[in-house]
């Protein structure tokens, strides 16, 4: 294995590490905010479930990233490295300046930019399908979040459940429900997001689907355990005030949308799905629970992520070509 391949593996692992930490709030923020689970218990549950999802449920999405975006056969190691570096740098930068972005959208459009610079044909049909999915997923999650809350309230009328962050004790059913949907979201995150990092290992032929998923999954799990706690509460506490039933419905809607997408070989933003589900859950209660300022910042991130991904992916490969390093 060449030095470039070793660097690519290290970069992909680092990217997976960053992704794992980044999505702790999207997966376990709800049960933690509601007081159903302690922080370290949440992370210790999330890490192995993300690894299992990455290793055993990500194959179709990995194939989409590895073979369905660039249509040029095996991709050169330098091009794949530029894709991973562009996505890792942009994701880290936006995290640093607290602009919430979609890691998936950054990765896909970094791949597009790199492909354009390298003269590799782009599978625009795949890009179009992904864009349609990204547009529809938040609305699907919105509808499910709304529906799940209405159904729950219909069969068990809502009175005065404790608010998110409340110190009031939760019933055993509420705890089980919140922790259960957090576990489902953790598994879904592994299946949905590992290909952001591992796809580059597949498009170059360095690893097959299973090994790439395992390597990426280990990165996700390590990121959850070592860097996840400071990021755990961002989504649950900053975006919306939810009671435990609304939180459970939101997380269940998110996981449903993600797992259905993964089953068809596509991936979409965990945060987009969760925000859509939370808005739906809030409207189902006919009260203004949604905090719009953070949501506006997320919409800003969704707009700048793809543009910057294309620009940096193209720029890195262009520089490699013109310095004769590629």
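Each value in this text was obtained by applying a stated rule to the coordinates, not by laboratory testing. Keep in mind the model is a prediction, meaning the values are calculated, not measured. Here the Cβ is made from the backbone with ideal geometry for all residues, glycine too, and neighbour counts use every protein chain on show.
To the nearest 10 degrees, how steeply does helix 244-263 sit against the main Cα axis of the chain, on a 0 to 90 scale? So the inclination is approximately 30 degrees. Pick from 18, 186, 303: which residue has the top mean-square fluctuation in a GNM of the chain where Cα pairs under 10 Å get a spring? Among 18, 186, 303, the largest GNM mean-square fluctuation belongs to 303. Modelled this way, with points 7 Å down the Cα-to-C-beta line, the labels at residue 2 and residue 131 are 3.3 nm from one another. The GNM of the chain, with springs linking C-alpha atoms under 10 angstrom apart, assigns the highest mean-square fluctuation among 200, 140, 273 to 140. Calculated FRET efficiency, residue 303 to residue 41, Cβ-Cβ distance, R0 = 30 Å: about 0.25 to the nearest 0.05. Shown for 322, 41: other C-beta atoms within 10 Å of each C-beta, ranked fewest to most, produce the order 322, 41.
Taking label positions 7 Å along the Cα-Cβ direction at both residue 74 and residue 322, the computed distance is 3.0 nm, reported to one decimal. Dividing the mean sequence gap of close Cα pairs (under 8 Å, 6+ apart) by how many residues the chain holds gives a relative contact order of 40 percent. Principal-axis analysis of the Cα atoms of the chain puts helix 172-193 at an angle of about 10° to the longest axis. Binning the alpha carbon pair distances of the chain at 20 angstrom intervals from zero yields the distribution 35, 54, 10, 0, expressed in whole percent.
Computed on the range 57-210, the Cα convex hull volume stands at 147 Å³ per residue.
Give me the extension gain from residue 286 to residue 97: residue separation times 0.36 nm, minus the current Cα-Cα distance, reported in nm with one decimal. Display every interim value, and only then the final one.
Numbers: separation 189, 0.36 × 189 = 68.04 nm, distance 3.35 nm.
Contour length minus Cα-Cα distance gives 64.7 nm.
The label-point distance for residue 176 and residue 210, in a model that sets each label 7 Å from Cα toward Cβ, rounds to 3.5 nm.
For a protection proxy built on the mean count of beta-carbon atoms within 10 angstrom, sort 222-231, 262-271 highest first, please.
Descending packing order for the listed peptides: 262-271, 222-231.
Taking 253, 87, 135 as the candidate residues, the one with maximal mean-square fluctuation in a Gaussian network model of the chain, Cα springs under 10 Å, is 135.
When the helices of the chain are scored as -39500 (n - 2.57) per DSSP H run of n ≥ 4 and the total is divided over every residue, the value at 222 nm lands at -25500 deg cm²/dmol. The angle between the Cα long axis of helix 124-155 and the longest principal axis of the Cα atoms of the chain comes to about 10 degrees, rounded to the nearest 10.
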